Amino acid sequence: MNPLYCYESLHHNYPKQIKDLKNLNIQEMEKLVSSWFNNKTLPQSYIFPPETRPGNHVIPRCNTIPVVDLSKALAYERTAVVQQILEASHEFGFFQVINHGVSENLVNDTMNVFKEFFELPAEDKAGIYSEDLKRPCRLYTSSPNFNSEKVHLWRDSLRHPCHPLKECIKIWPPKPTRYREIVAAYSIEAKKLGLRILGLLSEGLGLGSGFFGNKLSESTVLSLNHYPPCPDPSLTLGVSKHCDPNLLTILLQGDVYGLQVLKDGEWIGVEPLHNAFVVNIGHQLEIISNNKLKSAEHRAVTNSKVARTTAAFFISPSDDCIIEPAKSLIGTDESPVYRAFEFKEFLVNYIYMEGNFEKSVEPFKLHG
Ligand code: OGA
Ligand code: NI
């Protein structure tokens, strides 16, 4: 077992060992982009091949990703909102929501505490940094495959589960001091918002209310991305092209641009909007909707001026949950596109296929 795994439990009894472990970790932490990027040129190991690097083309920062005013879903315009969300999910796999009901103060506090986490001195982050994939709450750099990947991503990441909250909160970062309190409140609101959006989608698909409110949406994880200013954004990526493997993602992207979505073979930028969330359809929702909703490929580019911090709140089925196209969608003129499977089977394959879209879903497709 990685000795750092039991860091928390050793904490009070063995100050000397902890000091050594911390020092060891501080050395490993030098891999974090944020610990070495200052005034450096882009190292070779961060340069993507010409076919996958962003290059210098101007990507439209568009108005095309639909913006949905959720306050209208409470009023007589509900049907129109349901339709708008359904169409956006079908056409783009992405939309933004405004007037979403999550308090602006909470969203600001949350973003600030996330930024403060990445700005903590190394010794305060040392207990969280880990290269052990089994550690549920960990700070790492690039991707879980740092040691085997061909090119590194220009990002540091903190990831931890949020459900069940009472258990999870104990393993979250102890610093900044308000982290646990603020992020607990945020995770509750983000889950509520996710369920509300899933409710509108199930209404639109005719699945009946409460369809997603059980094991299908039981698991929640926060994944924070921190992209320091980059010496050459045209050559590297913060996150490479992928689809999210979960059910639904609620992304807080703050006020710095970087997210791009692939639509009909072209990249389009998602404009940061004040007090909005970006919502995207994960693979599982695409499968359950029998391809009526689309899980779109997306990536994050970097910029040379300012650090960008984002927070993806992933809503997923429990590991043992059975996923299949919703029975009520299948009828005489519609056949299921996918077989039934356990969610964990999908995840194992997704990790193995490194997020490649076709290969991630291929084993679950019914042919003929
Ligand atoms: C992700 C993701 C995009 C961003 O974390 O899955 O797509 O803009 N992030 O940080
Ligand atoms: Ni993503």
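The values are calculated or read from the model by the stated rules, or taken from the named source; none is laboratory data. Fair warning: this is a prediction, and the values are worked out from it, not measured in the lab. Here the Cβ positions follow ideal geometry from the backbone for every residue, glycine too, while neighbour counts run over all protein chains shown.
Okay, residues lined up against (1) within 16 Å of ligand 1 (Cβ to nearest atom); (2) surrounded by fewer than 22 Cβ atoms within 10 Å (Cβ to Cβ):
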| position | (1), (2) |
| --- | --- |
| 249 | yes, no |
| 279 | yes, no |
| 284 | yes, no |
| 290 | no, yes |
| 333 | no, yes |
| 347 | yes, yes |
| 350 | yes, yes |
| 356 | yes, yes |
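Matching residues to (1) of a type outside the set (S, T, N, Q); (2) surrounded by 21 or more Cβ atoms within 10 Å (Cβ to Cβ); (3) within 16 Å of ligand 1 (Cβ to nearest atom):
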| residue | (1), (2), (3) |
| --- | --- |
| 206 | yes, no, no |
| 215 | yes, no, no |
| 221 | yes, no, yes |
| 227 | yes, yes, yes |
| 232 | yes, no, no |
| 238 | yes, yes, yes |
| 255 | yes, no, yes |
| task | Determine, yes or no, whether residue 71 is at pLDDT 95 or above, within 30 Å of residue 208 (Cα to Cα), in contact with a Gly (Cβ under 9 Å, 6 or more places away or on another chain) and surrounded by fewer than 18 Cβ atoms within 10 Å (Cβ to Cβ). | result | yes
| field | Test for residue 320: is it of a type in the set (Asp, Glu) and touching a strand residue (DSSP E or B) at 6+ places or on another chain (Cβ under 7 Å) | value | yes
| said: Return the pair list, or none, for Cβ contacts closer than 8 Å from residues in the range 321-338 that are touching a residue at least 60 places away in the same chain (Cβ under 8 Å) to residues that are of a type in the set (Ser, Thr, Tyr) and in a loop (DSSP other than H, G, I, E, B), at least 6 apart or on different chains. | reply: 326/289; 329/289
| message | Pairs needed: first member in the range 79-91, crowded, with 21+ Cβ neighbours inside 10 Å; second member anywhere, in a helix (DSSP H, G or I) and of a type in the set (Gly, Ala, Ser); C-beta distance under 8 Å; at least 6 residues apart or different chains. | response | 81/73; 85/204
| remark: When (1) assigned to a loop (DSSP other than H, G, I, E, B); (2) within 16 Å of ligand 1 (Cβ to nearest atom) are applied to residue 312, the one that fails is (1)
| field | Every residue from the range 204-243 that is over 23 Å from residue 150 (Cα atoms), assigned to a loop (DSSP other than H, G, I, E, B) and in contact (Cβ under 8 Å) with a residue 12 or more places away in the chain | value | 206, 207, 208, 211, 212, 213, 218
| remark: Residues of the range 268-290 being out of contact with any Lys or Arg (no Cβ under 6 Å at 6 or more places or on another chain), under 25 Å from residue 71 (Cβ atoms) and away from ligand 2 (no atom under 13 Å from the Cβ), in sequence order, are 272, 273, 274, 275, 276, 277, 285
| (1) of a type in the set (A, V, I, L, M); (2) assigned to a helix (DSSP H, G or I); (3) under 13 Å from the mean Cα position of the chain (by Cα): which one isn't true of residue 158, the others all being true? | (2)
| said: Pull out all pairs, ordered by first then second residue, where Cβ-Cβ is under 7 Å, the residues are six or more apart or on different chains, the first lies in the range 285-296 and is under 17 Å from residue 262 (Cβ atoms), and the second is aromatic (Phe, Trp, Tyr). | reply: 296/92; 296/94
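Does residue 293 count as out of contact with any Pro (no Cβ under 8 Å at 6 or more places or on another chain), at pLDDT 95 or above and in a helix (DSSP H, G or I)? Walk me through it before giving the result.
Numbers: out of contact with any Pro (no Cβ under 8 Å at 6 or more places or on another chain): yes; at pLDDT 95 or above: yes; in a helix (DSSP H, G or I): no.
Answer is no for this residue.
Does the range 258-277 hold any residues that are touching a residue at least 24 places away in the same chain (Cβ under 8 Å), more than 9 Å from ligand 1 (Cβ to nearest atom) and in a loop (DSSP other than H, G, I, E, B), and which are they? Steps first, answer last, please.
In the first step, residues of the range 258-277 are kept if they are touching a residue at least 24 places away in the same chain (Cβ under 8 Å); the result is 258-263, 267-271, 273, 275-277.
Keeping just the survivors that are more than 9 Å from ligand 1 (Cβ to nearest atom) gives 261-263, 267-269, 271, 273, 275-277.
Within the range 258-277, 271, 273, 275, 276 meet the criteria.
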